[in-house]
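The values are calculated or read from the model by the stated rules, or taken from the named source; none is laboratory data. Computed from a predicted structure; not experimentally measured. Here Cβ is always computed from backbone atoms with ideal geometry, including for glycine, and neighbour counts include all displayed protein chains. Ligands, DNA and RNA are excluded from the accessible area calculation, which covers all protein heavy atoms including side chains. Shrake-Rupley method; radii C 1.70, N 1.55, O 1.52, S 1.80 Å.
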Amino acid sequence: MSIFNYFLKKEKKSSASLAKERLQIIVAHERSKRQQPDYLPLMQKEIMDVIRKYVNIDEEQVVVQLDNNEDCSVLELNITLPE
Amino acid sequence: MAKIIVVTSGKGGVGKTTTSAAIATGLAMRGFKTVVIDFDVGLRNLDLIMGCERRVVYDFVNVIKKEATLNQALIKDKRTPGLFILPASQTRDKDALSMEGVQTVLENLAKDFEYIICDSPAGIEQGAQMALYFADEAIVVTNPEVSSVRDSDRIIGILQSKSLKAEQGGTVKEHLLLTRYNPERVASAEMLSVADVEDILAVPLLGVIPESEAVLKASNQGAPVILDQESEAGQAYLDAVSRLLGEDVKHRFLEVQKKGFLKRLLGGK
């Protein structure tokens with residue numbers, strides 16, 4: 001191993017910090033899903049089916065999100081229609 | 001009133017059975033009458049780790065199906081007084097356990113024992129959910145590795161939503177036990193540190209068990225590793241038992257052990 005390799009290696013992120021970063025993202029994502037009510041995936045699918053009757057869209061173009069505030073919940077439906 | 005503690009992890013092979021055997025033995029060593037139950041129906045292994053595999057006559061499923069009494073199925077540990085093992089069935093499948101059956105067995109054990117340790121199967125299916133459902137406390141066994149940490153978070157979610165305590169509006173007291181920890185690899189930033197895992201899971205730390213040759217040696221011999229008090233792993237489990245009993249014990253074996261000059265010269269470990 002040359003001296004250049006030594007310096008190059010230092011620049012790279014350590015594998016442990018990479019692991020931590022990836023875990024923080026996936027765990028946060030999975031926790032937010034966990035708090036969703038059980039009916040949400042089925043509801044999302046049915047909303048998709050209704051929209052598909054009129055417009056041809058992909059699954060990724062519909063984002064359903066439920067935010068719980070103190071005394072009310074907000075259901076946010078975000079649909080990107082094709083041009 | 002007996003305290004029911006589940007040893008769980010989501011992921012397989014992280015050290016649930018090793019931990020169940022060690023913690024149960026440690027509690028009995030401290031004078032508490034303890035029973036350890038194998039919930040892994042179809043894949044029983046606690047009997048091997050405890051070294052009582054040739055003394056199994058009746059099992060957990062036999063008791064649930066009323067084919068045997070609890071006293072017939074309980075195996076008295078030969079090394080540690082006050083310690084009993086309830087083995088899992090090897091021939092049935094995981095559906096052989098019923099919620100009512102498990103509840104009845106636990107209620108009967110609670111009359112005689114101070115601690116009931118439930119060794120959970122891997123996964124998040126029925127068997128694992130059954131093992132944690134009646135728990136007062138949970139020891140979440142985690143390796144400093146991405147898939148294990150993620151699965152632990154998953155099982156923590158189940159503890160917080162699908163346990164009896166959660167359904168009644170309470171909480172299962174959670175403890176994090178980090179196993180197979182390698183301080184050398186943490187020092188060279190190749191392995192998640194204790195602080196990293198604590199940060200991600202946000203569960204109070206019960207203990208850190210260093211990666212140790214003593215664990216394999218103990219399972220070869222069928223003696224819980226906590227009995228090997230020369231080993232770091234054995235000592236770390238003793239500390240964890242003390243903390244479980246509410247004592248304030250400093251964490252050990254987190255730093256790289258400095259090798260002496262002679263040892264380094266001779267390449268010793």
Inset, instruction - May I ask you to list the residues in segment B:171-196 that are open to solvent by 60 Å² or more (accessible area, probe 1.4 Å), outside any helix (DSSP H, G or I) and charged (D, E, K, R)? - result: B:Lys173, B:Arg180, B:Glu190
Inset, instruction - Give segment A:47-63 a look and list any residue that's surrounded by 12 or more Cβ atoms within 10 Å (Cβ to Cβ), touching a residue at least 24 places away in the same chain (Cβ under 8 Å) and not in a helix (DSSP H, G or I), or say none. - result: A:Ile57
Legend entry - Members of segment B:138-170 that are within 19 Å of B:Cys118 (Cα to Cα), open to solvent by 30 Å² or more (accessible area, probe 1.4 Å) and not aliphatic (A, V, I, L, M): B:Asp151, B:Arg154, B:Gln160, B:Ser161, B:Lys162, B:Lys165
Legend entry - Matching entry among A:Leu81, A:Leu66 (being in a loop (DSSP other than H, G, I, E, B), at pLDDT below 85 and of a type outside the set (Asp, Glu)): A:Leu81
Inset, instruction - Can you tell me which residue within segment B:114-137, out of those that are hydroxyl-bearing (Ser, Thr, Tyr) and either within 15 Å of B:Asp38 (Cβ to Cβ) or in a helix (DSSP H, G or I) (or both), is least open to solvent (accessible area, probe 1.4 Å)? - result: B:Ser120
Legend entry - Matching entry among B:Lys111, B:Lys94 (being open to solvent by 60 Å² or more (accessible area, probe 1.4 Å) and either among the hydrophobic types (A, V, I, L, M, F, W, C) or at pLDDT 95 or above (or both)): B:Lys111
Inset, instruction - Would you tally the residues in segment B:54-91 being open to solvent by 70 Å² or more (accessible area, probe 1.4 Å) and in a helix (DSSP H, G or I)? - result: 4
Inset, instruction - Six or more apart or on different chains, Cβ under 8 Å: which pairs go from a residue in segment B:188-208 that's more than 9 Å from chain A (Cβ to nearest Cβ) to one that's surrounded by fewer than 17 Cβ atoms within 10 Å (Cβ to Cβ) and in a loop (DSSP other than H, G, I, E, B)? Could you list them? - result: B:Val194/B:His251; B:Val194/B:Leu254; B:Leu205/B:His251; B:Gly207/B:His251; B:Val208/B:His251; B:Val208/B:Leu254
